[in-house]
Every structure is written in C-alpha cells, then in structure tokens.
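Trainee: Before I ask anything, let me first share the structure, which is written out below as structure tokens.
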Amino acid sequence: MKKAVLSFLALLSAAWLACAAGNAQAAALPYRKLSKADLPAALKAEGKVVAAFEWSDIRGRNLAVFSQSLRRGKEGTSAGLHAFGYRVEQQALRRVWKVEDGLEDCDLDLTSFFEIDSLEVTDLDGNGIGEVSFVYRLACNGGLDLIDEKLFLVEDGKKFPVRGGTEWTGVDDNDQGGHYDGPMWVDKAYNHAPASFKPFAVAKWRRFRQPSED
C-alpha cells in the first residue's frame with residue numbers, strides 16, 4: 001500500500017512539473033541572444049560576460065546581461081555572479097534590476113556559475129511585460145557537500161527568488177544508485193505574485209537540480 005501511494009505521488013509530481021513546463025512554453029517570449037560586440041558601449045559589465053539577450057514588450061526594448069568575476073588572493077579565491085536588467089529609453093540605458101551574489105576567500109572547491117540553459121524570457125501572467133528567470137550555483141566546500149542553487153524570476157524590477165541546495169545522495173553501500181536532491185525554500189514574495197509565477201519557478205528549480213557543470 002505504501003509503495004502504491006508513493007508511486008501515485010511521484011506520478012502526480014511528474015504530471016504537475018510537465019504541466020508547469022507546458023505552460024511556460026506557451027508563455028515564452030521571443031528574445032535575441034547578444035554577443036559582447038552587440039552590447040551598447042555605455043554598458044560596463046563587471047567581470048566576464050557569459051550571456052546577454054534582448055527582447056521587446058509593452059515597456060519597450062529590454063536587455064539582460066550576465067557576468068562572472070574571479071579574483072585570486074593569498075587567503076583564497078573570491079567569485080562574483082552579476083545579473084543586470086536594462087531598458088532602453090530615449091536611446092539611453094536605464095538599469096531596472098540587478099541580482100548579485102558571491103563568495104570571498106574560498107580555499108576549498110569553488111562553485112560559481114549561471115546555468116546558461118535556464119536563462120529565458122516569459123510572459124506567464126499575460127500582462128505584456130516580460131519576466132526574466134535564471135538559475136545559478138554558488139558554494140565553497142569539498143567532496144559531495146551541498147551546493148547552493150538559487151533561482152530568480154524578475155518582472156519589471158520585482159524579484160521573486162527560490163533558494164535551496166542540491167547534493168548527490170541516495171548511494172547504497174556498494175556505491176550504486178544515487179541522485180541529486182536537497183532542500184528548497186520559496187520566498188514569501190510569491191505570496192503577492194501572480195498565481196502562475198510560483199508553479200513555474202518551483203518546477204524550473206527542480207528541473208535544474210542536477211548541475212550542468214557536474
């Protein structure tokens with residue numbers, strides 16, 4: 001009986017994730033990837049630009065830029081992740097939002113990168129304003145310890161995060177099996193968000209549970 005219940009719950013969860021993914025595909029907004037050469041000269045990114053794109057919505061032309069910085073010192077390595085959103089107004093750039101995170105003086109295994117495949121633009125609530133969402137990882141640890149996984153969904157400057165961590169777990173005594181798992185916390189900002197935001201963000205966080213740079 002217990003196995004049957006667990007199987008049912010697993011199928012229910014899979015169906016919910018598939019539904020959320022399908023809704024996201026229906027709400028996707030077209031966007032254009034940009035090279036570093038395509039970026040406006042007035043835009044000064046911190047560190048190395050790893051991704052950038054532009055899209056248009058009822059607010060006008062928008063840009064999102066993602067960069068990474070790395071600095072080695074006597075005490076260890078410091079890393080930063082930088083995500084910025086801009087709007088073009090009267091041929092000038094206005095920053096609408098930013099998300100920055102990082103670690104200082106890491107002397108263990110450093111993890112710091114954006115999940116590039118997670119970057120996308122949607123209009124989940126159908127209000128004509130694009131939402132940018134992305135996942136990144138950050139950790140200073142060793143072995144198979146927990147690695148922070150954070151997701152941000154941003155609409156018109158408002159940020160909706162999902163935080164947590166993933167680790168390789170479930171290995172038996174013969175080092176067989178195993179999967180990525182870990183805790184997840186949905187920010188209270190979703191209490192005041194459109195109803196479509198939370199299921200999309202949770203499904204996306206789970207979809208990127210396994211690190212792409214594993």
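What follows draws every value from the coordinates through simple rules; no lab data is involved. All values reported here derive from a predicted model rather than from experimental measurement. Glycine also receives a Cβ, built like all others from the backbone with ideal geometry; neighbour counts cover every protein chain displayed.
Trainee: Rounded to two decimal places and with Rh computed the Kirkwood way over Cα pairs, what is Rg over Rh for the stretch 26-207?
Mentor: Details: Rg = 17.8 Å, Rh = 17.7 Å.
Ratio of gyration radius to Kirkwood radius: 1.01.
Trainee: Per the Kirkwood definition applied to all pairs of different Cα atoms, how many angstroms is the hydrodynamic radius of the stretch 40-145? Show your work: numbers first, answer last.
Mentor: Working: mean 1/r = 0.0654 Å⁻¹.
When all Cα pairs of the stretch 40-145 are included, the Kirkwood radius is 15.3 Å.
Trainee: Rounded to the nearest 20 debye, what is the charge dipole size of the stretch 26-207 about its Cα centre when +1 sits on each Lys and Arg Cβ and -1 on each Asp and Glu Cβ? Walk me through the numbers on the way to the answer.
Mentor: Numbers: 24 positive and 29 negative charges, 217 e Å.
The dipole of the stretch 26-207 has a size of about 1040 debye.
Trainee: Counting only residues 5 or more places away or on other chains, whose amide H sits under 5 Å from the amide H of GLU149 once H atoms are built in the peptide plane?
Mentor: GLY164, GLY165, THR166
Trainee: Another one. Given the pairs LYS36/LYS198; LYS44/LYS74; LYS44/LYS204; LYS98/LYS198, which are separated by over 22 angstrom at their Cα positions? Could the numbers behind the result be given before it?
Mentor: On the way: LYS36/LYS198 32 Å; LYS44/LYS74 28 Å; LYS44/LYS204 30 Å; LYS98/LYS198 20 Å.
In this structure, LYS36/LYS198; LYS44/LYS74; LYS44/LYS204 lie more than 22 Å apart at Cα.
Trainee: How would TYR86, TYR31 line up from fewest to most surrounding beta-carbon atoms within 10 angstrom?
Mentor: Numbers: TYR86 22, TYR31 19.
If I rank by nearby Cβ atoms, fewest first, I get TYR31, TYR86.
Trainee: Whole-Hz ³J(HN,Hα) for each residue in the stretch 148-153, computed from phi via Karplus 6.51 cos²θ - 1.76 cosθ + 1.60 with θ = phi - 60°, x for glycine and proline: what do you get?
Mentor: Going residue by residue, I get 4, 10, 10, 10, 10, 10 Hz, with x marking Gly and Pro.
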